[in-house]
């Protein structure tokens, strides 16, 4: 039997098992894929002495992942935070890489390896982070949008890095500065030509195929376009990963981008399995066991540097400490471009086998832990904040907000709304339309700046779970407190502080899960709104009306 066929069969079959086990333990399936890769790495290498076939399949998976990232690229998201995101991402990659090089060198790793490892690890995982944010329903929050835009800029920054490494190999030896500069300029010109020619022809072709209303043709056309661009890039000496991203950027400009990404999703999911399994299988398990403490220490230090650099940049741009912490923890891990940069460097002889294994080990470790860090980053922020505040010599401005607004007597109100997301904004808009005064507490600095002259609503910048902020919002005399934040931990803390300051205030809060209702009731919330349940009841009511049930019958059915 062809070893490659056996190889593919083993990977897909065991990936199913790994994903199933991960889901049973309520873990992300990508974690299961990576762990299966670590487990079966020795089996795979014993079957075949060459991994070229599977590595090619894994690269198809990466290409499809990167293609999807390019298709999801939104210049509007970057424009909305333009200076903050553009400056921030560039500074983070640059300063983070320099600091990481210094740290890695201390661990007796060759300088050449340290440079590649540091640059590669400065990139975060667009695929994993955006998926986790979507699963947690945080992708449309301010922090989620900034994180997504930041990741997009990192993907763009990876392009010149890959071009440089690729051309460094081609023009290695002797005086290489001028040949590399020429090669990079050539690559950029070729990419620009491909991009603009693609904008002329590809939307036209896809539009014609879409009119046939044959879905198979749309899938075939989308994948064909991707591989044609990759093939062209190969002939002109450009990385296939960069070509895939450029193809995605071209698709993102057309009205059919959502349909295209939808059509290739099953194919992307299958081939991405090879990527996640392969990245695990490339590390000998004996290497991981022998160096686990060393790898963990190095991963923690580098991730901490990345977090601190990002946090400092965002605080310098006047973002709230909570927002800065959430975004920084979202970006703390490595990603698919870390693997791509490392693999290209290793294949070209710029990175040693030892350095390659170190890079892959840290990439895997941070990829596995990223979902858990993101899921618990708000709780981790509050614990870290409480701990640091107890330490001497910690500057207060690390956690401070912008200057508090001047609340005059004519603007005082009896209603407080904690959180100005989609839910909070809708409530505030209705109150404003009816000239009802209220306080709004949120940590989005743009809200304070754009609404500082509002004559009805008092916008207060800060944490609603802060006693000082709630006092500023007149909690001691308030009649109603509406909590619209999605975090059960934050909601519980806000309620406790509010009831401590004013036992008579009526509190309305939202809850996503049934089990959270008891926690909120215990803390003192009088009215709990379950978003999913309310949606289901509204849909059911409309359904009952449609089938002819009377108002009395509907009320009886819904109140059972």
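Annotations for the structure displayed:
- Breaking point among (1) touching a residue at least 60 places away in the same chain (Cβ under 8 Å); (2) surrounded by fewer than 21 Cβ atoms within 10 Å (Cβ to Cβ), for residue 484: (2)
- Contact annotation: residue pairs with Cβ atoms under 8 Å, 6 or more positions apart or on different chains, pairing a residue in the stretch 181-198 that is closer than 14 Å to residue 229 by Cα with a partner that is outside any helix (DSSP H, G or I), are 187/236; 187/237; 187/238; 190/236; 190/238; 191/238.
Results for (1) under 18 Å from residue 123 (Cβ atoms); (2) modelled with pLDDT of 80 or more; (3) touching a helix residue (DSSP H, G or I) at 6+ places or on another chain (Cβ under 6 Å); (4) surrounded by fewer than 23 Cβ atoms within 10 Å (Cβ to Cβ), shown as yes or no for each residue.
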site	(1), (2), (3), (4)
270	no, no, no, yes
275	yes, no, yes, no
279	yes, no, yes, no
299	yes, yes, yes, yes
307	yes, yes, yes, yes
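- Every residue from the stretch 124-160 that is within 9 Å of the chain's Cα centre (by Cα), modelled with pLDDT under 85 and not in a helix (DSSP H, G or I): 139
- Only one of 379, 336, 290 that is outside the structural domain of residue 469 (by TED's automatic domain parsing) and either modelled with pLDDT of 90 or more or crowded, with 24+ Cβ neighbours inside 10 Å (or both): 336
- Restricting the stretch 489-528 to residues that are in contact with a helix residue (DSSP H, G or I) (Cβ under 9 Å, 6 or more places away or on another chain) and assigned to a strand (DSSP E or B) leaves a set whose member that is surrounded by the fewest Cβ atoms within 10 Å (Cβ to Cβ) is 528.
- Any hit, the stretch 426-437, residues being closer than 25 Å to residue 523 by Cβ, out of contact with any strand residue (DSSP E or B) (no Cβ under 7 Å at 6 or more places or on another chain) and not assigned by TED's automatic domain parsing to the domain that holds residue 138: yes
The values are calculated or read from the model by the stated rules, or taken from the named source; none is laboratory data. Predicted model, so just to flag it, every value in this text is computed and none were measured. Reconstructed Cβ throughout: ideal geometry from the backbone, glycine too, with neighbour counts over all protein chains shown.
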